[in-house]
1. Kindly list, by first and then second residue, each pair from a residue in the range 177-188 that is open to solvent by 30 Å² or more (accessible area, probe 1.4 Å) to a residue that is among the hydrophobic types (A, V, I, L, M, F, W, C) and more than 6 Å from the ligand (Cβ to nearest atom), limited to pairs with Cβ atoms under 7 Å and residues at least 6 apart or on different chains.
2. Counting only residues that are within 12 Å of the ligand (Cβ to nearest atom) and in a loop (DSSP other than H, G, I, E, B), how many does the range 178-220 have?
3. If you check P268, P248, P175, which single one turns out to be touching a strand residue (DSSP E or B) at 6+ places or on another chain (Cβ under 9 Å), in a loop (DSSP other than H, G, I, E, B) and more than 16 Å from the ligand (Cβ to nearest atom)?
4. Any chance the range 228-243 includes a residue that's of a type in the set (S, T, Y), open to solvent by 30 Å² or more (accessible area, probe 1.4 Å), within 16 Å of the ligand (Cβ to nearest atom) and within 22 Å of the chain's Cα centre (by Cα)?
5. Has the range 280-296 got any residue that is open to solvent by 40 Å² or more (accessible area, probe 1.4 Å), in a helix (DSSP H, G or I) and not small (G, A, S)?
6. How many of the residues making up the range 136-172 are within 13 Å of the ligand (Cβ to nearest atom), over 14 Å from the mean Cα position of the chain (by Cα) and hydrophobic (A, V, I, L, M, F, W, C)?
7. Counting just the residues of the range 3-52 that are of a type in the set (S, T, N, Q) and touching a Pro at 6+ places or on another chain (Cβ under 7 Å), which one comes out surrounded by the fewest Cβ atoms within 10 Å (Cβ to Cβ)?
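The values are calculated or read from the model by the stated rules, or taken from the named source; none is laboratory data. Keep in mind that this is a model prediction, so the values were computed, not measured. All Cβ positions, glycine included, derive from the backbone under ideal geometry; neighbour counts span all protein chains shown. SASA here: full protein model, heavy atoms, side chains in, ligands and nucleic acids out. Shrake-Rupley method; radii C 1.70, N 1.55, O 1.52, S 1.80 Å.
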Amino acid sequence: MVDTPAFRLGVDLGGTKIEIIALDASGEVCLRHRVDTPRGDYPATLESIAGLVRFAEQQLGCTASLGICTPGAVSPATGLLKNSNSVCLNGKPLLQDLQRSLQRDVRIANDADCFVLSEATDGCAAGAASVFGVIVGTGTGGGLFINGQLLAGPNAIAGEWGHNPLPWPMQSELPGADCYCGKRGCIETWLSGPGMQRDYQRVTGKALTSDVIAALDKQGDVAAAACLDRYVDRMARALASIINIVDPEVITLGGGIGNIDRLYTDVPDRWGRYVFSDRVGTRLERPVFGDSSGVRGAAWLW
Ligand SMILES: [Zn+2]
């Protein structure tokens, strides 16, 4: 594979759709196509991806580099996919199987890594040397982009802050809710959409989604505003602990929670209380590409 391919293909392997895009040499999207994901069928999923790649290359009239955005991660120890919520993929050698069927090197990364790579390449953090990107929705996945590339570690968990405990907990926050990972009080149990819902429900007795709580806050609802205030302080603490270790130039928030406007002013107003520095120059930025970040970041793996 050449260093700067004429076209880059990115595939986002989602739970309901598989999408492919082609980026030209200037990074513009010149092809986009999507098909339904074959549910629970690994061989059919492989064939769908290969079919999309063949279709795209027919349209382009040449071969292209290929990156894949997957739920979960490839275990460095086994080469098998792990931690995927599309469970038919877990334990499967997705990368090796794709490389064999498509006769080329393929690169693979999870959705949070693709998100931060996309935003760091030509999104809200273009030009920044260090970026922490998190997808805050049903979970709180994270990825780190350092000095022009994704940070990869021996465990394939770089940036995965969500299963650390909430920092500087108040008495009322201990011990925290049970987390599916087996621990209690993880950042994810507070900052995910379901975490915000749980916090609101504990105070008001009402089960509302994070979208609804954020909308009520905009309308001046007192209970929703108090819930968002608590959320802002927890987000500030959780990000401050990242700033204290990594000191990234930019932090960006993807996922549904990243659409809440006040986070971009209120969290930076608050995180100075927790960051070990006289001033905080870190920028908290709204992502540019939204739901396209997975497929774009996959293409930018080359
Ligand atoms: Zn956890």
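1. Here the result reads R184/A177, each pair linking the range 177-188 to a residue that is among the hydrophobic types (A, V, I, L, M, F, W, C) and more than 6 Å from the ligand (Cβ to nearest atom).
2. Step one: list which residues in the range 178-220 are within 12 Å of the ligand (Cβ to nearest atom), which gives 178-192, 195.
Subsequent filtering for residues that are in a loop (DSSP other than H, G, I, E, B) retains 179-183, 185, 192.
Adding up the residues that qualify gives 7.
3. Numbers: P268 fails: in a loop (DSSP other than H, G, I, E, B); P175 fails: more than 16 Å from the ligand (Cβ to nearest atom).
Only one candidate passes the filter, namely P248.
4. Filtering the range 228-243 for residues of a type in the set (S, T, Y) gives 231, 241.
Subsequent filtering for residues that are open to solvent by 30 Å² or more (accessible area, probe 1.4 Å) retains 241.
Next, only the ones that are within 16 Å of the ligand (Cβ to nearest atom) stay: 241.
Now narrow it down to the ones that are within 22 Å of the chain's Cα centre (by Cα): 241.
So far as the range 228-243 goes, yes, one or more of its residues are of a type in the set (S, T, Y), open to solvent by 30 Å² or more (accessible area, probe 1.4 Å), within 16 Å of the ligand (Cβ to nearest atom) and within 22 Å of the chain's Cα centre (by Cα).
5. Checked the range 280-296: at least one residue is open to solvent by 40 Å² or more (accessible area, probe 1.4 Å), in a helix (DSSP H, G or I) and not small (G, A, S).
6. Summing the residues that are within 13 Å of the ligand (Cβ to nearest atom), over 14 Å from the mean Cα position of the chain (by Cα) and hydrophobic (A, V, I, L, M, F, W, C) in the range 136-172 gives 1.
7. Initially, the range 3-52 is screened for residues of a type in the set (S, T, N, Q), giving 4, 16, 26, 37, 45, 48.
This time we only want the ones that are touching a Pro at 6+ places or on another chain (Cβ under 7 Å), so: 45, 48.
Values: T45: 21, S48: 19.
In this case the residue turns out to be S48.
Condition check ((1) hydrophobic (A, V, I, L, M, F, W, C); (2) farther than 22 Å from V29 by Cβ; (3) within 24 Å of the chain's Cα centre (by Cα)) across all residues:
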position	(1), (2), (3)
I49	yes, no, yes
C62	yes, no, no
C69	yes, no, yes
S75	no, yes, yes
N83	no, yes, yes
L95	yes, yes, yes
